[in-house]
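These notes are about the structure you will find just below.
The values are calculated or read from the model by the stated rules, or taken from the named source; none is laboratory data. Remember, predicted model here, so these are calculated numbers, not experimental data. Cβ coordinates were reconstructed from backbone atoms using ideal geometry, including for glycine residues, and neighbour counts include every protein chain displayed. Each accessible area value is taken on the protein alone, full model and side chains, heavy atoms only, with ligands, DNA and RNA left out. Shrake-Rupley method; radii C 1.70, N 1.55, O 1.52, S 1.80 Å.
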Amino acid sequence: MDLPEKTEIRTNADPSQILGLTRKQRIKIYFWGAIALIIGALFLSWLYLRPDRWYTYTDKTIIQKSATDVDLGYVTWEKSKLEDNNFIGRDAIIQPSVSSDGAHMVYLSGEKNSDLFIRIWDGEKWGKPKPLRALNSRFNETSPSLCQTKDGKFLFFSSDRPGGQGGYDIWVSKWDGAEYAWPLPLTGRINTPFDEFDPALNPKNMTLYFASNRPHQSIGISEKEAAKAAAVEQLADVSEKKVDSDIYSAEIAGETSFEIITERQLSMLYSLREGALADLEVMKKLGGSKASERAVDRALEYLATQQEEDGRWNIRKTGGQAGHDVAATAFSLLAFYGRGERHDKECQYQSTVKRGLDWLINQQNPVSGDLRGSNSNNGMYSHGIAALALVEAYGVSKDNEIRSNAQAVIDFIAESQHAEGGWRYRPNERGDLSVTGWFIMALTSAEMSGLKVKKETIELSEKFLLQVSGGKDGGSYGYTDSPGKRNSGKNAMNAVGFFCSQIRGTSPNTLTAFESASIIDKAGFQANDIYYTYYGTLAAYQHQGEVWKNWLKKMQSEFIKLQRPDGSWPTGGGHGNQMGKVIATALVTLCLEAHYRYTPLYGLGFEPETNPNLNAVPNTQLPDTPLFRHAKNLKEVNSPGNDTGPVITNHGDFIYFSSDRSEGLGGADIYRSRLTKTKPMEPENVGPKINSEFNETDPALRMAGFHLLFNSDREAARPKLFSSKSKRLQKRHNYFQIPNLNWLSQNLTLILCLGIFITAFVFLTRKAIKKEGAKK
C-alpha cells in the first residue's frame, strides 16, 4: 500500500531569529561589535593621553645623534634671583656673554661711554674685572659675544666707532694669546647704515645671528635678493627709516672673496678719516682740536699755492735738494689725501690733487713701473714715497683708471728688492732701513688696497727687519745692520723699525714692542727732527696708550706754535735741509692728521700692559676673520615688537632671545626656540619663573644652557644681573597607582567617554542575553 506523502509544514518565521538574524549571526555581530567598542575606546584614550610622548620628556643625548636630532625635552626652571655680590662683585654687569667652558665672562659697563670688561671664574665666584684694553675706546662698545671655533677664539661686539657702515656695526676681534685684539668690522653683507647689534655665533655651523633696526626684508628671499635689499639700505641718512628690531641670520661663507676681504681691509685702513672729518665730535674723541685742524687747513692752503702749472711741486724752489720733485709731489698728495681730499670726487682741492696725480703718473715708466723720476742714481726714496701716494690714491677711490699704475709701481718694488730683503738707493742694492721703511709701508698699503703683492717679497722684507733689529729684546733698529744686543740705534731708525714691525702684525704685548715703545717714549717728540718725528708719530699712534697721549699733546702744542704765517713749517735740522719747506710742511701736516689718517691695527684706544706677555703672537699667525653670506630676516622668531639679544646654546640646538611682543608677561620677556636643520620652531616663553611684568633682556648661557643669566630692571631703574638654573625632567608613570582626584578632574572628558562606552557595552550584552533566555 502506498504510504501517504510527508507534508513539510513551514512557518512564516524562525522563532529563534531576531530581526531576521539567526542566533549564530547575532553572536558574530555581538562579538565584533564588542571588539570594535574596546578598540575604539583604546584608540580614543591613546589620542587623548598620547603615551608615545611619555618617555620623550628628556634631553639625554644619544651619542650617535647631534643635539638638534634629539627629541625635544621637558625643562623646568628655578625661580630667578638677583645675583649676590659674592658671585659677581659690586660692579654692574650688563649684556653678559659667557664662554663655552663657563670660565670667562665678558660684559658691558660704563656711564659716559660703554666699555667691555672680562672676568674669570675661579670655581666659586667671578674674579676681578679687567678692561678689554685693545677694544675699548672713546666710542661705545656694546653687546659682546664670546665664541670658540676649531680655528681659534673670537669676540664679536657692536660699536658706533668709525669704520663700519654707520650707526652701530658688528666687529670681530681675535684672541692673540694675551687678549682680544685686532678688531675688524664685518662686511656690508652684515653691517648697514642702520644699527646692527647683539651678535651671536652658532659654534656648530658658524651661522651668525644678530639684531638690527633696518627696514624688514621680504620673507624667503634668495641671497641675490638679500644683496639687492642690502644695497637699498645704504642710505645717506637713515635716522627716520629705523624700525623695530628684528633678529637676522647669516651663514658662514664657503668661498674666500678677495673683493670682500679687500673691502674690509680698506674700511679698517681709511675709515677714521671719513668719520672724523664728517663729525666734529668724532674728531674730538680721536684727539683732534679746532686749533690742530686749523693748522692743517693753513698748511694745505700753503701747499696748494706752491703747486706748479704742470701739477708738480718743485722741491728746489722751497730750498730742497733738486731732482726730487717726484718725492715732493708724492708727499704733498699724501697730505691732501690724509685730509679726505680726492681726485675723483668734488671737494675743495680736487683740481689740485688731480693735477698732481696726473703729473706723477706721467713720470712713471709704462713698461717697468719705475717712478724714480729724473734722478735714477739716487731715486729709490722717491719711488717708495710715490708708490705710497699712488697706492693710497687707488685705495681711497678704487679708481680702475689708475689701478694698473698702482700695480706696476708695486711690481717694480718686488723686482728691485735685494736678496737680503731690503732696498737702498738703486735697484737690487743691499738695503738700508731708511729706504726700506717706505717700501714696507707701500707694500702693506697695497695689500690692504687689493693689489697683488708677492708673498716672498713680504717675507724677505720681514727677514730684513729682523736682520737690522737689536737691543736687549730686538726692539731697537740699526741703519744697515743690527745695533747690537745691548745697543740702541738712532732715533729715526728706531721709529722706522718700530712702525714697520707694527704694520706687519707685531703685538704690542711682546718684549720687542715694549722695548721699542720705551725707546720712543724716552726720546720723545722732537720738533727739530721732522724725519724722526714723522715716523715717531706713526709708531706712537699705532702703540696708543700713554706713549701716544704724551706724544700727541706735545706734538700738537709745539707744531701749532711753530707754524709760520703763510701756513708752512721750517725745515728743522738733520734731513730737513735737504727736504725743503714743501716736504717739511707736508710731513708736519701728516703728523697732525695722524689721529684719524690711519686706524690703529691692534685696537683703537689701546692701553698697553705694564709688563710683556710671552703668550702674545703676531697677527699673521692668527686665524682669518670669518666671512658671512648676506643676512636674512629670521621670520620664524620675529614679531611686530622688538626682538633682540639672541644667544645660542653650546650644542647649537636652541636660540634664546628677548622680545616685547604683546603676548608676553609684561615688558620684554625671554623666549627660546628650538633650532633644527631646516628652520627654528615656534618660540616659547620660558615662563614666569624667569619673566616678570618688568623687562628681562640680554640672555646669556652657561652649563650648556642650563644656567641662564639675564638683565632685569625689576628691582632698580638700571638693569641688574639675574640668573636661574634649569633641570631636565624624565616622566615615568606607575600604572598600578590609583589616579587621584586632581587627575580625575583634569581628565573628566576622557572618563565620561569611557563611561559611555562601558554602559553601552553592558546594555547590549544584557539585552542579548535576555532575549536568548526568553526564546528558550
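Quick rundown of the values:
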| item | result |
| --- | --- |
| Hits in region 475-502 - residues which are assigned to a loop (DSSP other than H, G, I, E, B) and either aliphatic (A, V, I, L, M) or in contact with an Asp or Glu (Cβ under 7 Å, 6 or more places away or on another chain) (or both) | GLY475, TYR479, THR480 |
| Enumerated strands (runs of 3 or more DSSP E) restricted to region 690-776, each holding at least 2 residues that are surrounded by 12 or more Cβ atoms within 10 Å (Cβ to Cβ) and modelled with pLDDT under 80 | 720-729 |
| Lone unmet requirement of (1) under 39 Å from the mean Cα position of the chain (by Cα); (2) within 21 Å of ASP566 (Cβ to Cβ) for THR318 | (1) |
| Any hit, region 389-397, residues being farther than 28 Å from GLY431 by Cβ, assigned to a loop (DSSP other than H, G, I, E, B), in contact (Cβ under 8 Å) with a residue 24 or more places away in the chain and open to solvent by 10 Å² or more (accessible area, probe 1.4 Å) | no |
| Top-ranked residue in region 513-540 [being in a loop (DSSP other than H, G, I, E, B) and of a type outside the set (A, V, I, L, M, F, W, C); ranked as least open to solvent (accessible area, probe 1.4 Å)] | GLY524 |
| Residue in region 192-201 that is among the hydroxyl-bearing types (Ser, Thr, Tyr), in a loop (DSSP other than H, G, I, E, B), modelled with pLDDT under 95 and crowded, with 21+ Cβ neighbours inside 10 Å present | yes |
| Residue that is farthest from PRO162 (Cα to Cα) [pool: residues in region 112-139 that are part of a strand (DSSP E or B) and open to solvent by 40 Å² or more (accessible area, probe 1.4 Å)] | TRP121 |
| Matching helices (runs of 4 or more DSSP H) fully within region 541-658 where at least 3 residues are of a type outside the set (S, T, N, Q), closer than 30 Å to LEU708 by Cα and modelled with pLDDT of 90 or more | none |
| Among residues of region 102-125, those that are modelled with pLDDT of 85 or more and farther than 18 Å from SER145 by Cβ, counted | 0 |
| Failed criterion for THR620 (all others in (1) of a type in the set (Ser, Thr, Tyr); (2) under 23 Å from the mean Cα position of the chain (by Cα); (3) surrounded by 23 or more Cβ atoms within 10 Å (Cβ to Cβ) hold) | (3) |
| So GLU341, is it part of a helix (DSSP H, G or I) and either within 26 Å of HIS595 (Cα to Cα) or at pLDDT below 90 (or both) | no |
| Residue match in region 401-410 (condition: out of contact with any strand residue (DSSP E or B) (no Cβ under 7 Å at 6 or more places or on another chain), part of a loop (DSSP other than H, G, I, E, B) and either of a type in the set (A, V, I, L, M) or surrounded by fewer than 18 Cβ atoms within 10 Å (Cβ to Cβ) (or both)) | yes |
| The one condition in (1) under 41 Å from the mean Cα position of the chain (by Cα); (2) in a helix (DSSP H, G or I) that GLY505 fails to fulfil | (2) |
| Checking GLY338 against (1) over 17 Å from ILE402 (Cα atoms); (2) open to solvent by 20 Å² or more (accessible area, probe 1.4 Å), the condition it does not meet | (2) |
| Every residue from region 391-405 that is within 16 Å of LEU371 (Cα to Cα) and more than 31 Å from the chain's Cα centre (by Cα) | ILE402, SER404, ASN405 |
| Cβ-Cβ under 7 Å pairs, at least 6 apart or on other chains, region 619-631 side in contact (Cβ under 8 Å) with a residue 40 or more places away in the chain and within 10 Å of SER249 (Cα to Cα), far side part of a loop (DSSP other than H, G, I, E, B) and of a type in the set (Asp, Glu) | PHE628/GLU251; ARG629/GLU251 |
| Which numbered condition PRO565 misses (of (1) open to solvent by less than 40 Å² (accessible area, probe 1.4 Å); (2) closer than 28 Å to GLY356 by Cα; (3) not aromatic (Phe, Trp, Tyr)) | (1) |
| Per-region count, region 294-310, residues open to solvent by less than 10 Å² (accessible area, probe 1.4 Å) and either over 43 Å from the mean Cα position of the chain (by Cα) or β-branched (Val, Ile, Thr) (or both) | 1 |
| Cβ-Cβ under 9 Å pairs, at least 6 apart or on other chains, region 450-479 side closer than 20 Å to PHE412 by Cβ, far side open to solvent by 10 Å² or more (accessible area, probe 1.4 Å) and hydrophobic (A, V, I, L, M, F, W, C) | GLY450/PHE258; GLY450/ILE261; GLY450/LEU266; VAL453/ALA414; LYS454/ALA414; GLU456/ALA414; THR457/ALA414; LEU460/ALA419 |
| For LYS317: the one exception among (1) open to solvent by 30 Å² or more (accessible area, probe 1.4 Å); (2) in a loop (DSSP other than H, G, I, E, B); (3) among the charged types (D, E, K, R) | (2) |
| Subset tally (residues that are closer than 30 Å to TYR270 by Cβ and out of contact with any helix residue (DSSP H, G or I) (no Cβ under 7 Å at 6 or more places or on another chain)) for region 450-498 | 7 |
| Among residues of region 155-189, those that are within 8 Å of the chain's Cα centre (by Cα) and among the β-branched types (Val, Ile, Thr), counted | 2 |
| Counted residues, region 266-312 - those being part of a loop (DSSP other than H, G, I, E, B) and under 20 Å from ASP169 (Cα atoms) | 1 |
| So TYR598, is it open to solvent by less than 10 Å² (accessible area, probe 1.4 Å) and either under 30 Å from ASP713 (Cβ atoms) or aromatic (Phe, Trp, Tyr) (or both) | no |
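Yes or no, residue by residue, for (1) modelled with pLDDT under 95; (2) open to solvent by less than 10 Å² (accessible area, probe 1.4 Å); (3) β-branched (Val, Ile, Thr); (4) touching a strand residue (DSSP E or B) at 6+ places or on another chain (Cβ under 6 Å):
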residue	(1), (2), (3), (4)
LEU465	no, no, no, no
GLY474	yes, no, no, no
SER482	yes, no, no, yes
LYS490	yes, no, no, no
ASN494	no, yes, no, yes
CYS500	no, yes, no, no
GLY505	yes, yes, no, no
LEU511	yes, no, no, no
